[in-house]
Structure formats: structure tokens, C-alpha cells
């Protein structure tokens with residue numbers, strides 16, 4: 001059900017949604033049953049754009065995120081939202097003019113990579129909450145932006161009626177067996193790859209996130225087959241960048257994962273506490289996993305920029321023979337800064 005807080009009743013996003021879906025007006029979100037199938041359109045004055053949270057210990061690429069939506073219809077075992085959000089329903093900022101203003105302000109002085117997939121899936125709800133119809137035309141009028149929709153869905157119909165000029169769409173990828181077990185309600189691997197294939201041919205820049213890599217039996221076979229499938233179907237000319245990183249999480253999230261109804265493969269892993277306090281695979285294991293995926297991709301694709309999200313500089317040096325440096329230096333390696 002879609003609920004609209006009274007303060008958001010006359011906002012443009014509400015009117016857009018109401019054309020095709022039934023809505024119910026409530027005084028505030030406290031009246032809404034707290035479950036993933038409910039959507040709440042609100043009117044709040046947050047700072048919508050901010051730098052991706054990180055630590056100086058691990059390398060961060062200076063990515064910026066726009067928090068226009070909070071909550072996700074998917075139920076990935078490792079999802080950080082289980083720990084970060086105080087609600088299960090999906091909260092959407094109806095005052096999109098404020099969101100767009102924040103995006104514009106963030107790119108006035110320099111180029112930015114900005115994405116909407118930190119506290120939500122960027123496209124999972126796009127049939128019902130068509131934010132792409134609002135965001136894409138706006139960012140295409142700006143000079144200094146690459147806007148990224150990160151997703152585990154195949155909801156791309158709206159994008160096929162929009163100009164891909166300043167936009168990229170990226171998919172989080174894992175082997176099909178891991179998706180089936182660890183990422184409930186998400187699009188299958190085949191559906192994700194088909195969507196990527198369609199958008200790349202349409203003219204969108206694409207990206208892929210092998211994050212989190214999850215250690216499992218037959219790791220090299222499973223991830224190797226995935227990469228062969230991907231690289232055989234997507235033209236590397238469309239690929240803007242690829243991120244690789246292993247599973248990591250705060251210890252509190254690990255406790256939540258252990259309590260889930262369906263046991264997760266992650267509860268069988270061998271972990272240590274990293275220097276940032278997060279639960280991580282042993283460093284030697286991380287290097288082995290990241291090296292395999294990197295070299296497998298590079299066997300087929302030479303051009304896309306590969307980076308390691310929130311991994312230590314020593315891992316970069318061990319595998320890629322260089323250290324990308326701190327945020328501002330790191331981000332200069334991305335292709336969009338060199339065009």
C-alpha cells in the first residue's frame with residue numbers, strides 16, 4: 001500500500017504516483033504498519049546528498065550518495081539496512097525539488113559521481129515510484145555529473161524512454177546459487193544480465209559490483225562461470241567501471257544474520273575483526289578472492305576501470321601494484337574525470 005503523509009499530499013511526486021496507483025493519506029508514518037510492502041511518501045528537509053561514509057584506514061573513492069529513498073523490498077541476508085534503518089517500510093522523499101536542488105549544488109564546482117543506491121535499491125520500486133522519470137531529465141541538464149542507478153532488479157522500462165546522456169546503471173552480481181539463497185526477492189542473475197544487455201545496447205553506461213564476494217564451495221568455478229557469462233554478453237565499451245570487494249559488516253549485523261529464519265552461508269565463514277572493527281574474511285583469503293575475480297575479468301575485458309571498495313591499500317598494491325591514495329586522489333582514476 002502507498003501512504004502519503006499530509007504534508008506531502010500536494011507534492012509533484014505524489015501527484016505522479018496517484019495517476020496510476022491508489023494512495024491513502026495519513027497524518028504521519030506512525031500510522032503505517034511497519035512492513036516492506038508499505039510505502040510512505042514524506043516531506044522532509046534532510047541534506048539529501050552526502051559523501052559515502054568511510055574510514056581513512058580503507059580506500060574510499062569519494063563517491064556521493066543521494067538519499068531520496070530509504071528502505072528496500074528485497075531481503076538480502078547481508079543487507080546493512082537491517083541494522084541502519086529503524087523501519088521496514090519504504091520511505092520516499094516526496095519533495096523531489098529539494099532533492100534535485102541538492103544534487104545541483106553538489107556538482108556546481110566539480111564533477112561528481114552520484115548514486116541513489118545506498119539506503120535503497122535504485123530501481124526496484126521504479127514501476128510504482130518512478131524516480132527515474134524525475135532524476136534522469138534533470139541530471140542530463142547538468143555538466144558535471146555521472147548519475148548511477150545501482151540495482152539488483154531488472155526494472156528498466158522507464159529508462160528505455162529516457163536519454164542515457166549523463167546516466168549509468170550498475171548491477172550487483174553474485175553467482176546464481178548465491179543470489180537464490182542470500183538475496184531473496186531480487187532479480188535472478190539471468191534477469192539482471194538481460195537487463196544490462198538491453199540497456200547497454202540502448203546507450204547507457206553500465207557498471208558491475210562484485211560486492212560482496214562471498215566465500216563458498218567451488219568459489220572459483222561459480223565466480224568464473226559468472227564472469228564468462230557477463231563478458232560474453234556485454235560490450236566492454238559500455239562498461240564505465242567495476243567494483244570488487246569481499247563481505248564485511250559491523251559485528252551487530254553478523255548477529256542479525258545469525259538470527260534470520262533461513263540460515264545464511266555467511267554464518268559458516270571464518271572471520272576476524274578488521275582494523276576498522278568490522279567483521280571481515282582473513283586478509284589472505286580476501287586477497288585470493290579479489291585476485292581471482294580481477295584476473296578473470298581482465299582476461300576478457302581490458303578497458304573497464306576496476307577498483308576495490310573499502311579495501312586496504314596493501315591489497316591494491318598486492319594485486320594491482322599501486323595505491324590509489326585518499327578520496328580526492330582516488331576519484332581521479334575514474335574514466336569520467338578524464339573525458
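Which of (1) within 30 Å of residue 31 (Cβ to Cβ); (2) crowded, with 21+ Cβ neighbours inside 10 Å; (3) touching a helix residue (DSSP H, G or I) at 6+ places or on another chain (Cβ under 7 Å) is the odd one out, the single condition residue 145 does not satisfy?
Here residue 145 meets the rest and fails (1).
Of the residues 73, 53, which is within 21 Å of the chain's Cα centre (by Cα) and over 30 Å from residue 322 (Cα atoms)?
Going through 73, 53 in turn, the sole match is 73.
Would you confirm whether any residue within the range 154-165 is touching a strand residue (DSSP E or B) at 6+ places or on another chain (Cβ under 6 Å), modelled with pLDDT of 95 or more and either assigned to a strand (DSSP E or B) or surrounded by 22 or more Cβ atoms within 10 Å (Cβ to Cβ) (or both)?
Looking for residues that are touching a strand residue (DSSP E or B) at 6+ places or on another chain (Cβ under 6 Å), modelled with pLDDT of 95 or more and either assigned to a strand (DSSP E or B) or surrounded by 22 or more Cβ atoms within 10 Å (Cβ to Cβ) (or both), one finds none in the range 154-165, hence no.
Go through 92, 99 for me and flag whichever is in contact (Cβ under 8 Å) with a residue 60 or more places away in the chain and buried (at least 16 other Cβ atoms within 10 Å of the Cβ).
Answer to the selection: 92.
Regarding residue 258, is this residue surrounded by 19 or more Cβ atoms within 10 Å (Cβ to Cβ) and under 25 Å from residue 84 (Cβ atoms)?
It is false that residue 258 is surrounded by 19 or more Cβ atoms within 10 Å (Cβ to Cβ) and under 25 Å from residue 84 (Cβ atoms).
Just the residues that are within 20 Å of the chain's Cα centre (by Cα) and either crowded, with 22+ Cβ neighbours inside 10 Å or in contact (Cβ under 8 Å) with a residue 40 or more places away in the chain (or both), please, taken from the range 237-248.
Residues satisfying the conditions are 239, 240, 241, 242, 243, 244, 245, 246, 247, 248.
Within the range 179-208, track down each residue that is outside any helix (DSSP H, G or I), surrounded by 17 or more Cβ atoms within 10 Å (Cβ to Cβ) and either touching a residue at least 60 places away in the same chain (Cβ under 8 Å) or in contact with a helix residue (DSSP H, G or I) (Cβ under 8 Å, 6 or more places away or on another chain) (or both).
Matches in the range 179-208: 183, 186, 187, 204, 205, 206, 208.
Restricting to the range 272-287, give me the number of residues that are over 14 Å from residue 212 (Cα atoms) and outside any loop (DSSP other than H, G, I, E, B).
Residues flagged as over 14 Å from residue 212 (Cα atoms) and outside any loop (DSSP other than H, G, I, E, B) within the range 272-287 amount to 4.
Working carefully through the options 10, 56, find the one that is touching a residue at least 24 places away in the same chain (Cβ under 8 Å), assigned to a loop (DSSP other than H, G, I, E, B) and loosely packed, with under 14 Cβ neighbours inside 10 Å.
Just one listed residue meets the conditions, 56.
Considering each of 244, 287 in turn, give the residue that is under 19 Å from residue 57 (Cα atoms) and out of contact with any strand residue (DSSP E or B) (no Cβ under 7 Å at 6 or more places or on another chain).
Step by step, each of 244, 287 is checked, and only 287 is under 19 Å from residue 57 (Cα atoms) and out of contact with any strand residue (DSSP E or B) (no Cβ under 7 Å at 6 or more places or on another chain).
Please enumerate the residues belonging to the range 257-282 that are farther than 30 Å from residue 332 by Cα and touching a strand residue (DSSP E or B) at 6+ places or on another chain (Cβ under 9 Å).
Across the range 257-282, the qualifying residues are 257, 266, 269, 270, 271, 272, 273.
Counting just the residues of the range 35-51 that are surrounded by 13 or more Cβ atoms within 10 Å (Cβ to Cβ) and over 20 Å from residue 16 (Cβ atoms), which one comes out modelled with the lowest pLDDT?
Of everything passing the filter in the range 35-51, 46 is modelled with the lowest pLDDT.
Condition first: surrounded by fewer than 19 Cβ atoms within 10 Å (Cβ to Cβ) and either in contact (Cβ under 8 Å) with a residue 60 or more places away in the chain or within 15 Å of residue 166 (Cα to Cα) (or both). Now tell me which residues in the range 120-129 satisfy that.
Within the range 120-129, just 128 meets the criteria.
Given the criterion in contact with a strand residue (DSSP E or B) (Cβ under 8 Å, 6 or more places away or on another chain), modelled with pLDDT under 95 and surrounded by 20 or more Cβ atoms within 10 Å (Cβ to Cβ), identify the matching residue among 117, 71.
117
Go through the residues of the range 304-324 one by one and say whether even a single one is touching a residue at least 60 places away in the same chain (Cβ under 8 Å) and loosely packed, with under 14 Cβ neighbours inside 10 Å.
Checked against the condition, which is being touching a residue at least 60 places away in the same chain (Cβ under 8 Å) and loosely packed, with under 14 Cβ neighbours inside 10 Å, the range 304-324 yields no hits at all.
The values are calculated or read from the model by the stated rules, or taken from the named source; none is laboratory data. What you are looking at is a predicted structure, and each value in this text was computed from that prediction instead of being measured. Cβ coordinates were reconstructed from backbone atoms using ideal geometry, including for glycine residues, and neighbour counts include every protein chain displayed.
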